[in-house]
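Undergrad: For reference, the structure I am asking about is given below.
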Amino acid sequence: MSSLATEKAMPAFSLVEEENLSVNQTEMFSGNTTGKNVGPSPIALNVGAVIMLLALLWGIFANALTSTVILMQRDLKNITNIFIVSLCINDIINLSINNLLVLVSYFMMSWTMGAAVCEMIMHFAVLLMGSSLWHTGLISIHRLIVVVFNNFYKKISKRAYTIFVLVAARVVPMLFLITPHLGEMSEYQPKLLRCLVRREHGLYTMLVSVVLMMLPSVILIVCYVAIFVKVHQSSSAFRATRKREWLRREIQITKMFGMVFLLIIFGYLPYGIVRFIDRRLEFSADFYVVISVLYAVANSCNPIIYGVMDRRIRHSCFRALGLEQHCLKDGQKLKEGTQCNGDNETNTEAVPLNSSPPKKSPSSRSDV
């Protein structure tokens, strides 16, 4: 008799337990918690959401415009600009998925899309951040070969090398999705309105930091130091020859991708440093909103670098928008630059940096 009563009571107990679990999850994702995990203030969320919305709209528009003008104009189709298009696509995906869902959570003042989407966003952030950094790391190797080892660059397959960079920059971060714990690696933090990697997966966090952040950063730094040392060692006679414009163009491209790398680091580094210091999440929730917004804004600024540091891209974007008057003052410079630098990557990379300038014949010397 007692066993029968127990059996009848068990389904009711299970139902109550499931209801309590559902209520707890709802409270957790809605931010209805107290103590140190209290969520950000409404003012911080509203201001942050507005800034993120403006950055999101600008970033998607500017990256799409940059990609379109490069792909639609034959004179802009070269290896350097293919890398730019790849970075633009990376930024558009990041803005359209990660930043958009964080923006929605700020407007809603809670995370309303469940645990599965919360963990998905965590992995997407790792994937796209790593892809952007590996882009800049592999592009820095490309710049090193072009500027310092130009003779070797002439011998390799440009198509194969470009495909390698575009594929490797995405495959390396995707390897971190191959884990048996996928789907069970995150925990929701109401203070941040997002999911973080659980502490028991510390090895995963360490490998992400080393492989996706430190390694491409070290590659870029080493390559850029080698490039600028070689440029510094080049003689003044070299700079006085026709190779001067080639060198100026290649250094400008190298600086552009260096600025892209610094922008990625500038956006992510404050958040990474704060998370490393504040492992117990004791800092103000509003402060986390500030550094999250900073990261979102940095994700939207790459097209500004492309336009400022590449006159041809800037000119094409203005022309696509019907702003021809902004191009008039650069018109003559653009024409002269095209004649000096060439319309494609082959022309700009035709002269090796380590070649010696032509010697003057005795007959060309002026009499003293």
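Undergrad: Take 188, 295 and sort them by solvent-accessible surface of the protein heavy atoms, 1.4 Å probe, largest at the top.
TA: Numbers: 188 20, 295 50 Å².
Listed by decreasing accessible area, they come as 295, 188.
Undergrad: Now for a different question. Going highest first, how would you order 51-57, 282-288 by mean Cβ packing within 10 Å? Can you show the working numbers first?
TA: Working: 51-57: 18.1, 282-288: 16.1.
Those peptides, ordered most packed to least, come out 51-57, 282-288.
Undergrad: To continue, here is another question. Rg to Rh for segment 42-322: what is it, with Cα atoms only and Rh by Kirkwood?
TA: Values: Rg = 20.3 Å, Rh = 20.3 Å.
Using only Cα positions, Rg/Rh for segment 42-322 is 1.00.
Undergrad: Based on the Cα coordinates of segment 170-234, what is the per residue volume of their convex hull in Å³? Provide the component values of the computation, followed by the final result.
TA: Numbers: hull volume 8.0 nm³, N = 65.
That works out to 122 Å³ per residue.
Undergrad: OK, next. Using a 1.4 angstrom probe on the protein heavy atoms only, could you order 265, 43 from most to least accessible area? Spell out each step's value before the answer.
TA: Values: 265 40, 43 125 Å².
Putting 265, 43 in descending order of accessible area: 43, 265.
Undergrad: Taking Rh as the Kirkwood radius computed over C-alpha pairs, what is the Stokes-Einstein D of segment 112-252 at 25 °C in a medium of viscosity 0.890 mPa s, expressed in µm² per second?
TA: Working: Rh = 17.8 Å.
After rounding, the answer is 138 µm²/s.
Undergrad: In segment 42-322, what percent of the accessible surface is made up of carbon and sulfur (1.4 Å probe, ligands and nucleic acids excluded)?
TA: Values: 9380 of 13030 Å².
C and S fraction of accessible area: 72 percent.
The values are calculated or read from the model by the stated rules, or taken from the named source; none is laboratory data. Computed from a prediction, not measured in an experiment: that's the story for all the values here. Ideal geometry is used to build each Cβ from the backbone, glycine not excepted, and the neighbour counts take in all protein chains shown. Surface areas here come from the heavy atoms of the whole protein model, side chains and all, with no ligands, DNA or RNA. Shrake-Rupley method; radii C 1.70, N 1.55, O 1.52, S 1.80 Å.
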